[in-house]
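Everything below concerns the one structure shown next.
The values are calculated or read from the model by the stated rules, or taken from the named source; none is laboratory data. If you're wondering where the values come from, they're calculated on a predicted model, not measured in any experiment. In this analysis, Cβ positions are derived from the backbone assuming ideal geometry, glycine residues included, and neighbour counts consider all displayed protein chains. Keep in mind that these areas ignore ligands, DNA and RNA; they rest on the heavy atoms of the full protein, side chains included. Shrake-Rupley method; radii C 1.70, N 1.55, O 1.52, S 1.80 Å.
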Amino acid sequence: MLANPRYHGKPPLQSTFLQSLRTENFIFSFRCPGKFPLSSSFPLSLVRTSKSLRIKALNQSNTAEVTNDSSEGSQYVSKPYSVKIPVGDRHIFVETGHIGRQASGSVSVTDGETIVYASCCLADVPSEPTDFYPLSVHYQERFSAAGRTSGGFFKREGRAKDHEVLICRLIDRPLRPTMMKGFYHETQVLSWVLSYDGLHSPDSLAITASGIAVALSEVPHSKTIAGVRIGLVGDKYIVNPTTKEMEESELDLVLAGTDTAILMIEGFCNFLPEEKVLKAVEIGQDAVRVICNEVEALVKKCGKPKMVEAIKLPPPELFRHVEEIAGDELVNALQLKNKIPRRKALSALEEKVITILTEKGFVSKDETFGGAETIPELFEDEDEEEALVLDGEVDEGDVHIKPVSRKPIPKFFSEVDVKLVFKDVTSKFLRRRIVEGGKRSDGRSSTGIRVINSECGLLPRAHGSTLFTRGETQALAVVTLGDKQMAQRIDNLVDVDEVKRFYLQYSFPPSCVGEVGRMGAPSRREIGHGMLAERALEPILPSEDDFPYTIRVESNITESNGSSSMASVCGGCLALQDAGVPVKGSIAGIAMGMVLDTQEFGGDGQPLILSDITGSEDASGDMDFKVAGNETGITAFQMDIKVGGVTLSIMEQALLQARDGRKQILAEMAKCTPPPSRKLSEHAPLILVMRVKPEKINMIIGSGGKKVKSIIEETGVESIDTQSNGVVKITARDLASLEKTKAIILNLTMVPKIGDIFRNCEIKSIVAFGAFVEIAPGREGLCHISELSSDFLAKVEDAYNVGDRVDVKLIEINDKGQLRLSVRALLPEASSEKSAKQQPNTPMKEAGSSPISPPKGIFRRAAKVEPPKDGSKSSSVNDKEGNRMVNGEAKIGS
């Protein structure tokens, strides 16, 4: 019943009513059966916008009339309200009504001096119905939060960085399952870091803040969510650990959920057993439960009524009609093992159902089973005298009743509703087939693993490559080795240059699923899958001291039918071994699925866990749980839930089943043909690591870097990287340039002593008082004119010219480190006794006579180095000078 507050109790005139639509608010009072108790009523407000009318639920205590004034002061402004919530060993401070009061829901959450602000807004007009909830999440770290600006050319925050995208996904994944189906108003959640103290991480705060903002808003949802991080230092589990505590933590787990169930987890660890991971999840769920209970009290006081009346679901009878039309054909289509034929069959069947229900109209079998419906037909007898009463007719005077058959009226539905229902029915049939028949679409059991094939060394010029195939999912993993200049630099909130020497980049082109699509910058999904595979492989990598290369892994998905991120883990591990990286072991990944409600399909009611799920099982199932590790422990895991949530017992069952699956996959990876080479490619660069005294580093660099640049130009090496601790890394493509550079650096950094003799040294320049002689590349000393000859010289040119070579002796080093040389001290006329005491220094002889060459075999290409017979992943040899060679890398002993 429509009622105007001004005219309640008497019907208004039409003109007055139309005028009131432009100026007034109206109250819809109705009772909603089923969804809400019959005793409750929900007043609604009909608000006029520029394009249409919008219905908003009003609180019964706020049903007073509000004029539609466009001035800012007419809007209702809530008062600030704050609450402290215990999280771990401290409290977080939650405040609403102070910042962002025009948003549908807004909140700021503070931990220490880290402040995260989140808002939730929704569009006034609903968008076209789709099978994907119109939710967008954006997270941004403002550099001003840490009191600095971006280090790049552009000082304004722009496109989201990779780690911001990852946090967006952490917020989106637990929020989406709680959103109500049938709500098509576009919803946007924004989260900003306003202050960062460098100690309390903002990512878990952003999850909690976003969940509270949605709970306070008008967006209908099922449960309030919150998020925490769990660390493990020693045997102690820490809720929301600080950044310093995370440096010592064996576990990095982010968990989000409601007060009753887990919705999302993502974590990385160093081969932790399943029992410790489950314990961390249990502690995280307890912390989330406390936060959600406190937030519920906050929502009751400050939250806005939900727009439940805006939910539009397909007609219930449409599900029955779709099953009646497509049931048998749907069963046959789902039995096709290959993805492409199955997808085409389902697409053709969907078009058939849409055509029937939207164009031709549909009559249910229940309506036509009893034959034509008999209805009375009334007519008047124009000529009473000629009227005849026949069998089956009743004479009622001028009106005769005659039975007439009528066909059922065909029913029509919207195309959008039909598509939504067809997708739900397809998922229902697939789940029923798995539970009732015990077989999946490809014939496997619930614990079965698809056929695995892998091939290494596929690309001859790449440093390492592997083609990994599991069923209809295929990944081409390629490894590239380089020096420090190839490392990934990251601009973060903390004013510290972060450099990644290992990174994995995941690519998912539309061709891998046989479709046409956009190509461009990596999507959020690609960034997330790449980071998951990267963190899974990180624990098996050698340290930089043992393997000084920067490592880049590309995972190009060439075929996809589920679990492509875990295929990237398996393929990436084999590619690393093929590139000669001395990894600590092998890693495999597997994706687990679940059918939660098996009782609906005749099961025992217990959740059914599926190993190595396909794309259709991912889309139609209730869980996507990815786990990577080896036979004994876990390195990475990620879980997304599409239903109300899972319990710890379900997680335990999934983790144990995933461990058995990993063992099978690792066994198949060991059968790789051809196997990984486990040695450096001949096309990989050579890296020599030298150690010199730290105070000599400036002599290599030179003024403004001139010296190191001149060495690179002279020798042709790719780069020379110097560190303040005395480590020098030389990267070259050939052995000759590497040897030459090594000799120059050794001569530059040598420490000469008084009495050392240098032979065959070149005179570089002549001045009035003497000549400058180069005793080593880049090292010169002054030989005074009085020390050039035993006889008197009026001019240096009388005896020597530039370019002449002489033998000299170091006779003095002044306070500035300048060298004074003498030719006269080595002449025959000099005292024989004095000359006998001045024996030449052995290293200086080598430096003066010819460039220092490394022992034979140290820098040989790894292709000529046989792997150790004991099966170890790396090999090392010592040369005569004590230098160490590790898989093609030489280290010069200090």
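Residues that are not aliphatic (A, V, I, L, M): which helices (runs of 4 or more DSSP H) entirely in the stretch 683-752 hold 2 or more of them? Spell out the reasoning first.
Numbers: elements: 697-701, 706-715, 735-748.
Hits in the stretch 683-752: 706-715, 735-748.
I'm trying to understand the selection: among the residues of the stretch 161-174, which are open to solvent by less than 60 Å² (accessible area, probe 1.4 Å), within 25 Å of ILE641 (Cβ to Cβ) and either assigned to a loop (DSSP other than H, G, I, E, B) or among the acidic types (Asp, Glu) (or both)? Talk me through it step by step, then tell me what you get.
So in the stretch 161-174, the residues open to solvent by less than 60 Å² (accessible area, probe 1.4 Å) come out as 161, 163-174.
Of the ones still in play, those that are also within 25 Å of ILE641 (Cβ to Cβ) are 163-174.
Those that are open to solvent by less than 60 Å² (accessible area, probe 1.4 Å), within 25 Å of ILE641 (Cβ to Cβ) and either assigned to a loop (DSSP other than H, G, I, E, B) or among the acidic types (Asp, Glu) (or both): GLU164, ASP172.
Determine which member of the set PRO273, PRO241, PRO202 is open to solvent by less than 40 Å² (accessible area, probe 1.4 Å), farther than 25 Å from LEU596 by Cβ and in contact with a Gly (Cβ under 8 Å, 6 or more places away or on another chain). Can you show your working first?
On the way: PRO273 fails: open to solvent by less than 40 Å² (accessible area, probe 1.4 Å); PRO202 fails: in contact with a Gly (Cβ under 8 Å, 6 or more places away or on another chain).
Of PRO273, PRO241, PRO202, the one residue that is open to solvent by less than 40 Å² (accessible area, probe 1.4 Å), farther than 25 Å from LEU596 by Cβ and in contact with a Gly (Cβ under 8 Å, 6 or more places away or on another chain) is PRO241.
Evaluate the stretch 486-508: report whether one residue or more is surrounded by 14 or more Cβ atoms within 10 Å (Cβ to Cβ) and in a helix (DSSP H, G or I).
yes
Hey, any hits in the stretch 603-611 for a residue that's in contact (Cβ under 8 Å) with a residue 24 or more places away in the chain, surrounded by fewer than 24 Cβ atoms within 10 Å (Cβ to Cβ) and assigned to a loop (DSSP other than H, G, I, E, B)?
Yes - at least one qualifying residue is present in the stretch 603-611.
When the residues of the stretch 126-146 are narrowed to those that are of a type in the set (A, V, I, L, M) and in contact with a strand residue (DSSP E or B) (Cβ under 7 Å, 6 or more places away or on another chain), which ends up nearest to PRO314 (Cα to Cα)?
Here is the first cut: in the stretch 126-146, the ones of a type in the set (A, V, I, L, M) are 135, 137, 145-146.
Narrowing further to those that are in contact with a strand residue (DSSP E or B) (Cβ under 7 Å, 6 or more places away or on another chain): 135, 137, 145.
Values: LEU135: 20, VAL137: 27, ALA145: 46 Å.
For the stretch 126-146, the residue satisfying everything is LEU135.
Kindly provide the set of residues from the stretch 709-718 that are farther than 10 Å from LEU748 by Cβ and either β-branched (Val, Ile, Thr) or touching a Cys at 6+ places or on another chain (Cβ under 8 Å) (or both), ordered by number.
Quick first cut of the stretch 709-718, residues farther than 10 Å from LEU748 by Cβ only: 709-710, 712-718.
Selection gives ILE712, THR715, VAL717.
For the stretch 709-753, which positions are over 19 Å from PRO685 (Cα atoms), surrounded by 14 or more Cβ atoms within 10 Å (Cβ to Cβ) and within 40 Å of the chain's Cα centre (by Cα)?
GLY726
Could you give every pair whose Cβ atoms fall below 8 Å, whose first residue belongs to the stretch 344-359 and is closer than 10 Å to GLU415 by Cβ, and whose second residue is outside any helix (DSSP H, G or I) and among the basic types (Lys, Arg), counting only separations of at least 6 or pairs across chains?
Close Cβ pairs satisfying both conditions: LEU357/LYS411.
Listed here are the residues, each with its yes/no results for (1) of a type in the set (Val, Ile, Thr); (2) over 17 Å from HIS221 (Cα atoms); (3) open to solvent by 30 Å² or more (accessible area, probe 1.4 Å).
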{"residue": "THR96", "(1), (2), (3)": "yes, yes, no"}
{"residue": "GLU157", "(1), (2), (3)": "no, yes, yes"}
{"residue": "PRO177", "(1), (2), (3)": "no, no, yes"}
{"residue": "GLY182", "(1), (2), (3)": "no, no, no"}
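State the number of residues belonging to the stretch 763-779 that are assigned to a strand (DSSP E or B) and within 23 Å of VAL717 (Cβ to Cβ). Steps first, answer last, please.
So in the stretch 763-779, the residues assigned to a strand (DSSP E or B) come out as 763-767, 770-776, 779.
The next check asks that each one be within 23 Å of VAL717 (Cβ to Cβ); those that pass are 774, 776, 779.
Total meeting the criteria: 3.
What number goes with the only condition from (1) part of a helix (DSSP H, G or I); (2) closer than 30 Å to PRO510 by Cα; (3) among the β-branched types (Val, Ile, Thr) that THR635 does not pass?
Condition (1) is where THR635 drops out.
Do you know which residues across the stretch 257-315 are within 30 Å of PRO80 (Cβ to Cβ) and part of a strand (DSSP E or B)?
Selection gives GLY257, LEU263.
I'm trying to understand the selection: among the residues of the stretch 125-144, which are surrounded by 11 or more Cβ atoms within 10 Å (Cβ to Cβ), modelled with pLDDT of 90 or more, farther than 15 Å from ASP162 by Cα and in contact with a Phe, Trp or Tyr (Cβ under 7 Å, 6 or more places away or on another chain)?
Listed by number, the residues that qualify are PRO126, PRO134.
Take the conditions closer than 30 Å to THR358 by Cα and in contact (Cβ under 8 Å) with a residue 12 or more places away in the chain and apply them to VAL425. Does it pass? Step through it out loud before you land on a result.
Values: closer than 30 Å to THR358 by Cα: yes; in contact (Cβ under 8 Å) with a residue 12 or more places away in the chain: yes.
Against the criterion (closer than 30 Å to THR358 by Cα and in contact (Cβ under 8 Å) with a residue 12 or more places away in the chain), VAL425 qualifies.
Quick check: is even one residue across the stretch 112-119 under 22 Å from LEU175 (Cα atoms), small (Gly, Ala, Ser) and either assigned to a strand (DSSP E or B) or in contact with a Ser or Thr (Cβ under 8 Å, 6 or more places away or on another chain) (or both)?
Restricting attention to the stretch 112-119, the residues satisfying the condition of being under 22 Å from LEU175 (Cα atoms) are 115-119.
Then drop every residue that is not small (Gly, Ala, Ser), which leaves 118-119.
Then drop every residue that is not either assigned to a strand (DSSP E or B) or in contact with a Ser or Thr (Cβ under 8 Å, 6 or more places away or on another chain) (or both), which leaves 118-119.
Within the stretch 112-119, one or more residues are under 22 Å from LEU175 (Cα atoms), small (Gly, Ala, Ser) and either assigned to a strand (DSSP E or B) or in contact with a Ser or Thr (Cβ under 8 Å, 6 or more places away or on another chain) (or both).
Restricting the stretch 586-602 to residues that are in a loop (DSSP other than H, G, I, E, B) and either under 21 Å from the mean Cα position of the chain (by Cα) or on the phi > 0 side of the Ramachandran plot (or both), which is surrounded by the fewest Cβ atoms within 10 Å (Cβ to Cβ)? Before you say what the answer is, go through the steps one by one.
Taking the stretch 586-602 and keeping what is in a loop (DSSP other than H, G, I, E, B), we get 586-587, 596-598, 602.
With the extra rule that they be either under 21 Å from the mean Cα position of the chain (by Cα) or on the phi > 0 side of the Ramachandran plot (or both), the set shrinks to 587, 602.
Numbers: ILE587: 28, GLY602: 9.
Among those that are in a loop (DSSP other than H, G, I, E, B) and either under 21 Å from the mean Cα position of the chain (by Cα) or on the phi > 0 side of the Ramachandran plot (or both), it is GLY602.
Hey, any hits in the stretch 450-461 for a residue that's open to solvent by less than 20 Å² (accessible area, probe 1.4 Å), out of contact with any Leu (no Cβ under 9 Å at 6 or more places or on another chain), not in a loop (DSSP other than H, G, I, E, B) and not charged (D, E, K, R)?
Yes, because at least one residue in the stretch 450-461 is open to solvent by less than 20 Å² (accessible area, probe 1.4 Å), out of contact with any Leu (no Cβ under 9 Å at 6 or more places or on another chain), not in a loop (DSSP other than H, G, I, E, B) and not charged (D, E, K, R).
Pull up the stretch 333-361, narrow it to residues that are closer than 20 Å to THR473 by Cα and charged (D, E, K, R), then point me to the one that is surrounded by the most Cβ atoms within 10 Å (Cβ to Cβ).
Checking each candidate, the answer is LYS339.
Just the residues that are over 23 Å from ILE225 (Cβ atoms), touching a residue at least 60 places away in the same chain (Cβ under 8 Å) and open to solvent by 10 Å² or more (accessible area, probe 1.4 Å), please, taken from the stretch 618-645.
The answer is SER620, ASN630, THR632.
Quick check on this structure: which one of SER445, SER511, SER427 is assigned to a helix (DSSP H, G or I), open to solvent by 40 Å² or more (accessible area, probe 1.4 Å) and not charged (D, E, K, R)? Reasoning before the result, please.
Numbers: SER445 fails: assigned to a helix (DSSP H, G or I); SER427 fails: open to solvent by 40 Å² or more (accessible area, probe 1.4 Å).
SER511 is the lone residue from the list that is assigned to a helix (DSSP H, G or I), open to solvent by 40 Å² or more (accessible area, probe 1.4 Å) and not charged (D, E, K, R).
Which condition from (1) closer than 30 Å to PRO174 by Cβ; (2) more than 34 Å from the chain's Cα centre (by Cα) is the one that ASP756 breaks?
The single condition ASP756 does not satisfy is (1).
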